[in-house]
Amino acid sequence: MHVFTLIFLAALGLTLTLQIWLSRRHIAHILAHKAQVPAAFSDKIGLAAHQKAADYTVAKTQTAILQHVIEALALLAFTLGGGLEFLAQAWQGRLDSPLWEGAALILSALILMAAIDIPLSLYRTFVIEARFGFNKITPKLYVLDLFKQTALALALGGPLLLGVLWLMGAMGEYWWLYVWLAWMGFNLLVIAIYPTFIAPLFNKFQPLEDAQLKARIEALLEKCGFHASGLFVMDGSKRSSHGNAYFSGFGKTKRIVFFDTLLKNLSTEEIEAVLAHELGHFKRRHIVKRMAWLFAGSLVALWVLAQLMQAPWFYSALGVSTQTTASALLLFILVSPVFTFLLQPLLARLSRQHEFEADQYAAQTATASALIQALVKLYEDNASTLTPDPVHSAFYDSHPPAGIRIARLQMVST
Ligand SMILES: [Zn+2]
């Protein structure tokens, strides 16, 4: 057995063990705090809502354990189990050129990997979300979504993949620089066309009509020096009763989108505070910073791939006998998450730091007390737990735990 096979197996085992350990800690911590609403929330959230959040989070976390196990087994089957080798042989000589065969290999492998996740996604949507009253999606819409998502992935991902494989083969030693530029261009293109071409495939967007709310929001935008090309309401309620608000696009196509579920559940003042928080992300340049990190990370990743691609052991140690650019790229896409899992807590920490900064901005431009009220409502409506395991939270959570977040807001509001 090659030494890299052992390293891969060790990394996979370590990642899976860590994932299961974190999930089990999380479940134990939530169950231990289920009997009582935390003191800081005792006047804001009832015991029934607190216990619903506990049951909901436990159910989701149990499913996550199952998903980690399934994904690890699938990865083993694809690599050492010979799945990729089988697929590569199956495509060989079937299409006009190695380029098309490479793209077909990668797309078919990724589609198979995605298909493995479908049963759990069905369980999540139609069993868990439904049991807690969140699911609004019909089986028909679910199938339609799946069909559209696959078509979109092929329409956008197909040309990208062909372009990348071509650059890898034609650009010589520094192909990774060219692929990196293409990858950045592709990301910027998707962000630019998302609001006008992609999002409308899945939802309806209507201009915000509530005149009073609109006036309040426009005053806030003015105060923050933010120019949006429109305020829209999205029919999020056709899929789920979870609520949200977000920005999309950049430059002149920048839109502010509210889920209809959010507008229904929050008061004008609370909506204003939530929007001020989102504006905080924009004003503190979080979106630009995140993209800069993403691009820097992908440059490093491509350089690493360029080195690995030339090493025969990279293929053979992972169960693939033919050395092609496509099999190198595919192995890299599938295997690298096993080696980067320990970066997760760093990224989560960075994200939580941004949330604190956006909260602070919201406290300055709107009111901290309205944001606190909105957060409490959102926690209750979404059945988000108030008592996450601290280690699980440090590892995964993109948002700080409710208690800490609200305590900070209370500090600035007094
Ligand atoms: Zn945020």
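The values are calculated or read from the model by the stated rules, or taken from the named source; none is laboratory data. In this text the structure is predicted, and so the values were computed from the model without any measurement. Neighbour counts run over all protein chains shown; Cβ positions are idealised from the backbone, glycine included. SASA here: full protein model, heavy atoms, side chains in, ligands and nucleic acids out. Shrake-Rupley method; radii C 1.70, N 1.55, O 1.52, S 1.80 Å.
Which residue pairs have Cβ atoms closer than 6 Å, lie 6 or more positions apart in sequence or on different chains, and pair a first residue in region 397-414 that is within 14 Å of the ligand (Cβ to nearest atom) with a second residue that is open to solvent by 30 Å² or more (accessible area, probe 1.4 Å)?
Between residues of region 397-414 that are within 14 Å of the ligand (Cβ to nearest atom) and residues that are open to solvent by 30 Å² or more (accessible area, probe 1.4 Å), the close pairs are Pro400/Arg352; Ala402/Tyr379.
Every residue in region 1-37 that is touching a residue at least 40 places away in the same chain (Cβ under 8 Å), exposed (fewer than 15 other Cβ atoms within 10 Å of the Cβ) and in a loop (DSSP other than H, G, I, E, B), please.
Answer for region 1-37, where residues must be touching a residue at least 40 places away in the same chain (Cβ under 8 Å), exposed (fewer than 15 other Cβ atoms within 10 Å of the Cβ) and in a loop (DSSP other than H, G, I, E, B): just His2.
Which of the residues that make up region 227-244 are closer than 24 Å to Gln360 by Cα and either surrounded by fewer than 19 Cβ atoms within 10 Å (Cβ to Cβ) or away from the ligand (no atom under 15 Å from the Cβ) (or both)? Working first, answer last.
Start the filter on region 227-244 by keeping residues that are closer than 24 Å to Gln360 by Cα, which leaves 227-228, 231, 243-244.
His227, Ala228, Leu231, Asn244 - these are the residues of region 227-244 that are closer than 24 Å to Gln360 by Cα and either surrounded by fewer than 19 Cβ atoms within 10 Å (Cβ to Cβ) or away from the ligand (no atom under 15 Å from the Cβ) (or both).
If the requirement is being over 29 Å from Thr15 (Cβ atoms), within 11 Å of the ligand (Cβ to nearest atom) and touching a residue at least 40 places away in the same chain (Cβ under 8 Å), which of these qualifies: Tyr361, Tyr379? It would help to see each step written out before you state the result.
Working: Tyr379 fails: within 11 Å of the ligand (Cβ to nearest atom).
Answer to the check: Tyr361.
Out of all the residues in region 278-297, which are within 13 Å of the ligand (Cβ to nearest atom) and open to solvent by 50 Å² or more (accessible area, probe 1.4 Å)? Steps first, answer last, please.
In the first step, residues of region 278-297 are kept if they are within 13 Å of the ligand (Cβ to nearest atom); the result is 278-284, 286-287, 290.
Result: Phe282, Lys283, Arg284, Ile287, Arg290.
Give the residue, chosen from Leu162, Leu167, Leu181, that is over 22 Å from Gly297 (Cβ atoms) and of a type outside the set (Val, Ile, Thr). Reasoning before the result, please.
Values: Leu167 fails: over 22 Å from Gly297 (Cβ atoms); Leu181 fails: over 22 Å from Gly297 (Cβ atoms).
Result of the check over Leu162, Leu167, Leu181: Leu162.
Return only the number of the condition from (1) within 16 Å of the ligand (Cβ to nearest atom); (2) open to solvent by 20 Å² or more (accessible area, probe 1.4 Å); (3) within 25 Å of Ile193 (Cα to Cα) that Glu272 does not satisfy.
Unmet condition: (3).
Show the residue pairs meeting these rules: Cβ distance below 7 Å; 6+ apart or different chains; first residue within region 329-347 and of a type in the set (Gly, Ala, Ser); second residue surrounded by 15 or more Cβ atoms within 10 Å (Cβ to Cβ).
Ser336/Ala301
Test Glu355 against the criterion of being within 16 Å of the ligand (Cβ to nearest atom) and in a helix (DSSP H, G or I), and give yes or no. Spell out the reasoning first.
Values: within 16 Å of the ligand (Cβ to nearest atom): yes; in a helix (DSSP H, G or I): yes.
The answer is yes for Glu355.
Would you mind telling me which numbered condition in (1) touching a Lys or Arg at 6+ places or on another chain (Cβ under 9 Å); (2) open to solvent by less than 50 Å² (accessible area, probe 1.4 Å) Lys254 fails?
The number of the failed condition is (1).
Only one residue in Leu231, Leu213, Leu189 is farther than 19 Å from Phe250 by Cα and of a type outside the set (Gly, Ala, Ser), so which one is that? Quick ask: steps written out before the conclusion?
Numbers: Leu231 fails: farther than 19 Å from Phe250 by Cα; Leu189 fails: farther than 19 Å from Phe250 by Cα.
Selected residue: Leu213, the only one of Leu231, Leu213, Leu189 that is farther than 19 Å from Phe250 by Cα and of a type outside the set (Gly, Ala, Ser).
Of all residues in region 306-328, how many are within 14 Å of Phe78 (Cα to Cα) and either open to solvent by 20 Å² or more (accessible area, probe 1.4 Å) or part of a helix (DSSP H, G or I) (or both)? Break it down stepwise before answering.
Residues of region 306-328 that are within 14 Å of Phe78 (Cα to Cα), as a first pass: 315-321, 327-328.
With the extra rule that they be either open to solvent by 20 Å² or more (accessible area, probe 1.4 Å) or part of a helix (DSSP H, G or I) (or both), the set shrinks to 315-316, 319, 321, 327-328.
Going through region 306-328 one residue at a time, the tally reaches 6.
Filter region 38-67 down to residues that are more than 22 Å from Arg131 (Cβ to Cβ) and not polar (S, T, N, Q), then give me how many there are.
Let us first name the residues in region 38-67 that are more than 22 Å from Arg131 (Cβ to Cβ), namely 38-44.
Remaining after also requiring not polar (S, T, N, Q): 38-41, 43-44.
Count: 6.
Return the total of residues in region 38-47 being within 20 Å of Ala370 (Cβ to Cβ) and part of a loop (DSSP other than H, G, I, E, B).
Residues in region 38-47 being within 20 Å of Ala370 (Cβ to Cβ) and part of a loop (DSSP other than H, G, I, E, B): 3 in total.
Identify the residue in region 197-209 that is touching a residue at least 12 places away in the same chain (Cβ under 8 Å) and assigned to a helix (DSSP H, G or I) and, among all such residues, is farthest from Ala276 (Cα to Cα).
Looking at the filtered set, the residue picked out is Leu201.
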